[in-house]
1. Would you mind giving the mean number of other chain beta-carbons within 10 Å of the Cβ of each residue in A:40-52, as a whole number?
2. Find the relative contact order for the stretch B:387-445 and round it to a whole percent, using C-alpha pairs within less than 8 Å whose residues are 6+ positions apart.
3. Among the aspartates and glutamates, which have Cα under 20 Å from the Cα of B:Lys312 when same-chain residues fewer than 8 positions away are ignored?
4. What distance in nm lies between label points placed 7 Å from Cα along the C-beta direction at B:Leu302 and C:Asn118?
5. Give the angle, between 0 and 90 degrees and rounded to the nearest 10, that separates the Cα long axis of helix B:230-243 from the longest principal axis of the Cα atoms of chain B.
6. Quote the convex hull volume per residue of the stretch B:464-591, based on C-alpha atoms, as a whole number of Å³.
7. Just list whichever of C:Lys84/C:Lys237; C:Lys33/C:Lys84; B:Lys198/C:Lys33; A:Lys56/A:Lys181 have alpha carbons separated by over 19 Å in the model shown.
8. Starting from the Cα of A:Ser179, step 7 Å along the direction of its Cβ; do the same at C:Thr126; then give the gap between the two resulting points in nm.
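A short reminder: the numbers here are calculations on the coordinates, not readings from a lab. This one's a predicted model, so the numbers in the text were calculated from it and none came from an experiment. Glycine gets a Cβ as well: all are built from the backbone with ideal geometry, and neighbour counts include every protein chain shown.
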Amino acid sequence: MTPQMSDLSRTALRVENLSAGYRGDLVVHNVSLEIRPNEIGALVGPNGCGKSTLLKAISGVVTPASGTVTLGGDPARELTGLPPQELAGHGLGYVPQLANTFPSLTVLENLRVGLSRRAWRLARERRAEMFDLFPDLYASRARLARQLSGGQREMLALAIALIRKPTIILVDEPSAGLSPKFKDLIWEHLLRLRASGVALLVVEQDVSGIMEIADVAHLMVDGSIALSGTGRDLLQDRELASRYLGVDAVITEGD
Amino acid sequence: MEFTLVILTFVGFQIILSLGLNLQWGIAGMLNLAYIGFMAAGAYVTAVLVLPKATLAGGTSYVLGLQWPFWAGMLGGIAAAGALGLVVGVVILGRRLEAEYFAILTLVIVIAMSTLLSGQPNLFNGVEGLINIPQPFGASLSSTSYGTWYLLMVAAFAAVVYVLARRVQRSPFGRLGRAIREDETALQVFGKDPFRAKLKIFVLGGMIAGLAGSLTVLYVGAFAPASWAVGETIFALSCIMVGGSGNMFGGALASAVIVTLFVQVPSLFNIAASNPEILAEVQVMATAILLIVVMRWRPDGLLREPVGTVAKLERRGGLETAHRRSPTRAAGPRPGAGEQPDRLRPGSSPVPVSRTPAKVVPQVRPAEATAALEVRGIAKRFGGITAVDDCSFQLPLGGIVGLVGPNGSGKSTLVETIAGFVTPDSGRVLLAGRDVTRWTPARRAGIGLTRTFQSARVWNKLTVTENLLVAAPGSAREALWRGVFRPHATAHADAVVLRKAEETLHEVGLWPVRDQLAGELSGGQRRLLEFARIVMSGATVALLDEPLAGVNPVMGDTIVEQIRHLNSTRGVTVLLVEHNLKVVSALCPHVLAMDAGKVVAQGTVQSLASSEAFAEAYLGKRAPKTPQE
Amino acid sequence: MSVLADAVGFGIVSGAIISLSTMAMSLQHSVTKHANFSHGELLTVAAYAMFAMQHLTDNVLLDGLVGLVVAALLALVLDEFVFKPFRTRTRRLVTLLVVTAAASQVLQGTFALIFGANYVTLQVPTTHAKHVGPFLWTTTDEVVIGLAVIAFLVTHVVLRYTSFGRSQRAVADDADLARVCGVNTSNVIRWTWIAVGLLAGLGGATLAVYSGTFDNLLGFNFLLVTFAAMIVGGIGKMYGAVIAGLLIGIVTSVAGAYTNQGYNQLFALGLLAIVVLIRPSGLFNTRAADTRAFG
């Protein structure tokens, strides 16, 4: 199950033997994975399997117990255990599931938080690109974040990460709580993000949705990676459902 | 000599004050900034009861002036303080306000009192206050012997109040108060209403403050708004927090030491010495500094709050300590309410352990068994989002049913609705056939429903055993007056429940940590404690909300075992909400699957696993439209 | 009718002062998320600093400026050395409340030690009252109102249009997310406290000038009316708080004019009690009542 470990300059993110947990209890056991530039990586699994914790360990919200996190490129940079505020500077974006926007700030202000005047000016081109990617956001740019719909808020959260020119963005359950229509919109936008040159590692509950667009996908069960492959392959894999649900019966294929 | 008498007398006043506040704050966690107002109420009313009628010529004007004997005046003062406490308590405690709002309201009250009384010269002579208040023992005694007699009287009262406070602290009522301080919400699922207990403590504390006020005003002979200010409450609060919140001895000791010490303060600050008006302020200031410093390094104060260890409880209840049961004895007959106690102090009659009526549990008649729990057409919307949409199902008596579904499927909202913490927009919840849709959680607990929470809500500063004792029904055992006036009988009733608690502890495997504070347990142990509390409460229907969340996988098997035991041996009907399908399939012969607010599939886990709807719920639609590349 | 107009006129002035105090408290609460029972002492310290400065110079405005600076310093020191250590260590809200209440007493005692227990008098230039529209105002009154308006405008501009203001609002919304976005949250909090001190100090200075004489309880007596304005206006809504402050000033003044002047404060207290009991999230707050204390 070990992915091909390519040369660091050609990878976006490499995680090696990462273990992490809370209060001494390990929730993530020895996970290794790799995301290449312009790739969408999917991480799925039942509740409590550790996928959110894995993202938090990579992004520094939780300090890993062991293992390494390396941001690829030339030169590559080791990020293990760095606090979240430093990662943005190195090129790693993180969009948490909840509390990912500033409710009482406008869309534009949300994007601008933490950026110096110079950085904001320099990001003008970036902003234009972003508004191309998220035209909905452009239309609401003067509205307060709390006035946006759930789907729009999610896009704003992605945009906040995007404006800092990341190499890769970690996204925690972007489609959670969204209606099917908005879910489709999210998948569409993730594809556009990939097309614009950003790699993504997406944790998702909606398995089918993310698998359709994922270049590489991993199923996590009980803190370890149980299955890997391309999204399409995994979706067709009969073992996926039974491993996910943790039952012996295999789902009879209707399609 | 006379000076020492004076100091000791004031020490006595402060000790009494501290005991009352320690009940309100130390035990029940109420930040009552108006505390000194109750002392003032006691002082003022006592004064106008013992004073002769006010004359216009005299220059002071006040109400009443009945010239009663001092002891009647004292009774009146205490009663007035109690009445004030009752009125204020009913108004502000009933609303379940957050701590900040409660504190602000009490501040409003004390400042309003002060403003009113200062502004209304006809009540208690306004700003100038009352003077020439007659002394209790008359002018016949010499000054020194008068001082001695008064000190003895104050000391006697202080001793009585001390004993009273200690008894409250040790009693099941006091334990209930501490549980209220730790987590009021969790208390509701055991059928106990925090409001009445808080009100009683509030009034009792107020009356004790009134007593202190009475004694002070009769000693000093004068009383004015300047004698009492918010600072005095902070002073008392500082004393008990430094001494140890919830520790009556610590609070009293700290008060005594601090008051004695601060008599020396004038010699330290020349300005204060020459200016008696700011003396009180400086004393409060010094104590406040001490408070901040002590809190920084020892947040609970110098002395710990006494807890009821098993050994202590057994001893007080008059039981042998040799009740070390081994786990194998757990299969034996369960002690319950009404069982005759082993030994009883001669001359006293037993206290009923619980006066709650037997739970309404229908007899198990297989043919016509009513469902233990039924949900009919429950719907709930939050803003624009439909959380639960026309949900219906039944929970058979004695059954153990699983409820599964991905995040956002409405499971949590449904559980909150069944438990009574959320009112549904439509639909009904029936418990053993009774419509409980509009009932409070406490009332539902009264007929046998209980629940656990996603993150275990245990009472952190109570020991494991104390947690169990609070969970057990006990309206008679936990009565305040019984705890105060019949401590031995109460302790004995406690001990009866203790036996069941000990057995339960062995069953769930928590016996080794029986005397540990619940806040120090691991996640898995806290879950087990929740289960033990369910057993103690005698509940017949339990909603278990993700009991494996936050539990070390190693503990997982134990938890599963305990749930099985709860259901098969203790006969508790269980609705198990869980994500972990392995666990659900191990425990539940029948499972409900929810998605988007509805029950989309039911059956055994095996049959569900082959159901399209179920797979879709978790994995998403199987045939999504292919997005353009 | 002129009784009413006069009362409203007084009310606008006192309302302006209340607004200053409430703006400060609103800012403070936005970053600490807990009530500060020593808020009043920030006003008092400015008043005493002014009094002390009067030995050096007669210029009231200069004295006031020193008062503001002293208040800002006190606010900063209080948070840095007293409140912050507790905020990072304890989870119990009541502990923080007790600490702020204790700090209040410490400060009151300090003022009494330094300046004595008696009322002190501020040398304020005497001015004549004249009619400004329907209202009867002295020049001092007009200055107070003017300063409050300026303070409000400056605060508004800083919060809305500067990068610090944006960072401050971000930290108030979600300190963790702000940190992730690269905001130095500790610095933002420090500067917020300085602003709190400046605004509260201005409130204290104007209050002292308006009252003429004061003692160490000046700010403390103002505490509850500040809470009232903040709760009526809605926790976390500074503009609501400012409006509420004005309203409370006017309403209490009018009510006091028709009943008993000494009961002004009681009306404010009564209003506060009612709002807390019935709708703690504020009258202007259209969202559902918060389940957590103070937002």
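1. Numbers: counts 0, 0, 0, 0, 3, 0, 6, 11, 9, 2, 0, 0, 0.
Per residue, the number of nearby Cβ atoms from other chains is 2 on average.
2. Computed value for the stretch B:387-445: 26 percent relative contact order.
3. Of all the aspartates and glutamates, those that pass the test against B:Lys312 - Cα under 20 Å, at least 8 places apart if same chain - are B:Glu320, B:Asp342, B:Glu466, B:Glu478, B:Asp494, B:Glu502, B:Glu503, B:Asp515.
4. 3.9
5. The angle comes out near 60 degrees.
6. Hull volume over Cα atoms, normalised by residue count, gives 108 Å³.
7. Checking Cα-Cα distances, C:Lys84/C:Lys237; B:Lys198/C:Lys33; A:Lys56/A:Lys181 exceed 19 Å.
8. Each label point lies 7 Å from its Cα, and together they span 7.2 nm.
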